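Questions regarding the structure given below will be posed in turn.
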Amino acid sequence: MTLRLTWLGPMVALSCELIGLLSLALTRDVERPLFLVPLALGLFAWLGRFRLPDSVLIFLVAGCVLMGFFSAASAPTGTIMARSLIPAHALLWLARDEAAYRFWRLGLALVELALAAILSPEVYMFLLIFGFVALGSLSLSLGFLERNFRARDPERVGRPLRPAFVAAVLALSFVIFLSSLLIFPVLPRSKWSGGGATTVGFNEVVSFRDSINS
């Protein structure tokens, strides 16, 4: 099969987006009906070829984020963020210039994956993160090539890609991912067990006991 930037770049980016949405779908803190929004808008954009102008799109995305926060004031923080991210992500599929907003969607998928890893720190999240890192590296590389070809030599955008290039990017991302794992043992982490251990990082529990005793 011939590899071309015109379809490989969007497909790899879409795969990263689906990983982000799938990771949130696997958590228990996000309502399942929310995922009907990206499904409906995705089918609508693909089958109906419907697109929105940039000004309307940005207005709807901003409104979607604000509505997600205001409509869930009593919900957990993770649920509030999910209610804002998922519809906003789906709206970006209606952009007229797919390439211009491709990395916006990729960034939202990364936030969704990070949020899902916090809400549900299960073993399968490691596999999803690994897949996102590999495909995300490839998506960024393809996007860089496409942008430079369109700016300097538009005729080269439609030319076939070498499979060796795709394999090299995936191999390099694999090495980077494995090397980054060496950092985690030395990072400070929260102590979830009892016993008065020092907690590093954000903690939602507010206590005045120490101040009163002192």
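Which FRET efficiency value, to the nearest 0.05, is calculated for residue 162 and residue 97 with the Förster distance at 30 angstrom and r the Cβ-Cβ distance?
After rounding, the FRET efficiency stands at 0.65.
Let me ask something additional. What does the C-alpha gyration tensor say about the overall shape of region 90-149? Classify as rounded when a/c is under 1.5, otherwise prolate if a/b is larger than b/c, or oblate.
Numbers: a/c = 3.97, a/b = 1.65, b/c = 2.40.
Here region 90-149 falls in the oblate category.
Then there is this: Around residue 29, which amide H atoms from residues at least 5 apart in sequence, or from another chain, sit under 5 Å from its own amide H, with H modelled in the peptide plane?
Here nothing satisfies the definition.
Under the rule of at least 5 residues apart or a separate chain, name every residue whose amide H is placed under 5 Å from the amide H of residue 52.
95, 96
Around residue 3, which amide H atoms from residues at least 5 apart in sequence, or from another chain, sit under 5 Å from its own amide H, with H modelled in the peptide plane?
Here 161 satisfy the definition.
Quick check: the distance between the Cα centres of region 93-144 and region 34-66, to the nearest angstrom?
When both Cα centres are located, 18 Å separates them.
Evaluate the distance, in nm, between pseudo-label points positioned 7 Å from the Cα of residue 174 and of residue 49 along their respective Cα→Cβ axes.
4.0 nm
Please turn the phi angles of region 4-13 into ³J(HN,Hα) values with the Karplus equation 6.51 cos²θ - 1.76 cosθ + 1.60 (θ = phi - 60°), one per residue in order, whole Hz, x for glycine and proline.
Calculated HN-Hα couplings, in order: 10, 4, 4, 10, 5, x, x, 5, 5, 4 Hz.
Something else: If you place +1 on the Cβ of every Lys and Arg, -1 on the Cβ of every Asp and Glu, and leave all else neutral, what size is the dipole of region 1-158 about its Cα centre, to the nearest 20 Debye?
Details: 13 positive and 11 negative charges, 61 e Å.
Computed charge dipole of region 1-158: roughly 300 debye.
Any read-out appearing in this document is the output of simple, stated calculations on the displayed coordinates, not a laboratory observation. Quantities reported herein were computed from a predicted structural model and do not represent experimental measurements. Backbone-built Cβ (ideal geometry, glycine too); neighbour counts: all protein chains shown.
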